[in-house]
Amino acid sequence: MPATDPYVVTLAPSVHAFVQPDGGWCLNNAGFLGSGGETLLVDTAATERRARLLREAVLAEGLPLPRTVVSTHHHGDHTYGNGVFLPEARIVAHENCRSEQLAAGRQLHLLWPQTDFGHIEVAPPSLTYSERLTLHVGETEVRVLHPGPAHTTGDSIVHLPGHGIVFTGDLVFHGGTPFLPMGSLAGSLRALDLLRSLDAPTVVPGHGRVTDPSAYDATERYLRWVAELAGEGHAKGATPLETARQADLGEFAAWRESERLVANLHRAYAELDGLPEGSPLDPAAVFGDMAAMNGGVPVACHA
């Protein structure tokens, strides 16, 4: 088994990425920055233990505990650890993230009942925004941008324009397969255009190692390939699972969690059927088909 111990990458003075290899299910990235005696945190982690490791990493860099936590979206691997930073921190996110997080509750417990998540509080944002929000952490400007439905309907991009750094959340899985069933294929392509427009040379993806804007190009190639597959399969009347099983993964074969292809096809089919972006899909069908892609073995949380 690969090592999954997190490590810290210093991106700029007092700006750090908290990277959890290998970036698979439940092994997300977070980030933190300090300025003027304040600290801002981008995302937390899937388990209490890992969130406490993140807390220790902040303190090890000589920074105070965060007064602000920005959640890039509601998924538990990015938000389950929020409670570790309360009550000192306020949670900030898009307004849809709040409603999605409250609706999801302890969803990861249902998906992976054997995982030791520790003591988890569902801690939704107490401050929300609709389109964009600017925060100031000491002298550091932090822009929080909503790209529209993409990975979820409540995604946030965290951009540090003064440092040329962007935290993408799960709009980008570096070396991993994108995951769209709770968002939009078309919207994910638009989100990549927004990310490119920020012109940030340092890219912290939601999963995988710190990278650069070339990750946008790889993600776009995958999304356009999914759209093409979906168009062909949908026209033939094939199910998403049938289409996924017949697909040649090509350059994407080495990406983690290739079973997500069938979930992404479910979303692409929904958009071909004219359903609004972000419309709810049947989670039993989506996760059931992913398990079928794995030969009947459920996907695993690695946290």
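The values are calculated or read from the model by the stated rules, or taken from the named source; none is laboratory data. As the structure is a prediction and not an experimental result, all values here were calculated from the model. Here Cβ is always computed from backbone atoms with ideal geometry, including for glycine, and neighbour counts include all displayed protein chains. Quick note on the areas: whole protein, heavy atoms, side chains included, nothing else; ligands and nucleic acids left out. Shrake-Rupley method; radii C 1.70, N 1.55, O 1.52, S 1.80 Å.
As an exercise, use a Förster radius of 30 Å and the Cβ-Cβ distance of residue 196 and residue 99 to find the FRET efficiency, rounded to the nearest 0.05.
That pair, residue 196 with residue 99, gives E of 0.55.
Just the projected area, averaged over all directions, of the convex hull on the alpha carbon atoms of segment 29-162: how many nm²? Don't jump to the answer; show the numbers that get you there.
Working: hull surface 30.4 nm².
Taking the Cα atoms of segment 29-162, their convex hull projects to 7.6 nm² on average.
By the scheme Lys and Arg +1, Asp and Glu -1, what is the net charge of all other residues having a beta-carbon under 15 Å from that of residue 67?
0
Report the antiparallel proportion of the DSSP beta bridges in segment 68-191 as a percent, rounded to a multiple of 5.
If we restrict to bridges inside segment 68-191, about 65 percent are antiparallel.
So what's the gap between the Cα centers of segment 226-254 and segment 113-185, to the nearest angstrom?
29
For the charge dipole of the chain, defined by +1 on Lys and Arg C-beta atoms and -1 on Asp and Glu C-beta atoms about the Cα centroid, which residue among 237, 266, 137 has the Cα displaced farthest towards the positive pole?
137
R0 = 30 Å: FRET efficiency of residue 143 with residue 214, Cβ-based, nearest 0.05?
The calculated FRET efficiency here is 0.85.
Run through the DSSP bridge list for the chain and note the antiparallel percent, rounded to the nearest 5.
For the chain, the DSSP antiparallel bridge percentage is about 65.
Just to confirm the number: angle between the C-alpha axis of helix 283-293 and the first principal axis of the chain, 0 to 90 degrees, nearest 10?
70
Hey, with R₀ at 22 Å, roughly what FRET efficiency would residue 251 and residue 3 work out to, going by the Cβ-Cβ distance, to 0.05?
About 0.25, to the nearest 0.05.
Each residue of segment 19-28 in turn: what ³J(HN,Hα) in whole Hz from Karplus with 6.51, -1.76, 1.60 and θ = phi - 60°, glycine and Pro shown as x?
Per-residue couplings from phi come out as 9, 10, x, 9, x, x, 3, 6, 10, 8 Hz.
Per-residue ellipticity at 222 nm for the chain, helices alone: DSSP H runs ≥ 4 residues times -39500 (n - 2.57), over residue total, nearest 500 deg cm²/dmol?
For the chain, the value works out to -10000 deg cm²/dmol.
With a probe of 1.4 Å, find how much accessible area the chain has per residue, and write the answer as a whole number in Å².
Computed with neighbouring chains in place, this is 40 Å² per residue.
Sorted by accessible area with a 1.4 angstrom probe, largest first, how do 94, 119, 163 fall? It would help to have the intermediate numbers written out before the result.
Numbers: 94 5, 119 120, 163 70 Å².
Sorted descending by solvent-accessible area, the residues read 119, 163, 94.
Enumerate the calculated ³J(HN,Hα) couplings along segment 160-166 in order (Karplus 6.51 cos²θ - 1.76 cosθ + 1.60, θ = phi - 60°), each rounded to whole Hz, writing x wherever the residue is Gly or Pro.
Whole-Hz 3J(HN,Hα) from phi for segment 160-166: 10, x, x, 10, x, 10, 9.
Calculate the spin-label point distance for residue 106 paired with residue 59, positioning each point 7 Å from the Cα along the beta-carbon direction, and give it in nanometres.
Using points 7 Å along Cα→Cβ, the separation is 2.6 nm.
In degrees, nearest 10, range 0 to 90: what is the angle between the Cα axis of helix 48-60 and the longest Cα principal axis of the chain?
Here the helix axis deviates by roughly 40 degrees.
5 Å is the cut-off here: which amide hydrogens, built 1.01 Å from N in the peptide plane, fall below it relative to residue 303, excluding neighbours closer than 5 in sequence?
Under 5 Å from the amide H of residue 303: no residue qualifies.
Which of rounded, prolate, oblate describes the chain, given a ≥ b ≥ c as roots of the alpha-carbon gyration tensor eigenvalues and a/c under 1.5 marking rounded, otherwise prolate only if a/b is larger than b/c?
prolate
Return the long-range amide H neighbours of residue 11 (sequence gap of 5 or more, or a different chain), with a cut-off of under 5 Å between placed amide H atoms.
Those qualifying (amide H under 5 Å, at least 5 residues apart or on another chain) are 16, 17.
How much of the accessible area of the chain, probe 1.4 Å, is carbon plus sulfur, in whole percent?
Here carbon and sulfur together make up 51 percent of the probe-accessible area.
Under a Cβ-only charge scheme (Lys and Arg +1, Asp and Glu -1), can you give me the dipole magnitude of segment 88-182 about the Cα centre, in debye to the nearest 20?
120
Report, in degrees rounded to the nearest 10, the 0 to 90 angle that the Cα long axis of helix 260-272 makes with the longest principal axis of the chain.
For 260-272 against the chain, the angle is about 70 degrees.
Of 193, 289, 170, which has the largest mean-square fluctuation in a 10 Å C-alpha GNM of the chain?
193
What are the ³J(HN,Hα) values, in whole Hz, obtained from phi via the Karplus relation 6.51 cos²θ - 1.76 cosθ + 1.60 with θ = phi - 60°, for each residue of segment 133-145 in sequence order, with x given for Gly and Pro?
8, 10, 10, 10, 10, x, 8, 9, 7, 10, 9, 10, 10
Quick one: dipole size for segment 172-303, taken about the Cα centre, charges +1 on Lys/Arg Cβ and -1 on Asp/Glu Cβ, in debye to the nearest 20.
Computed about the Cα centre, the dipole is about 200 debye.
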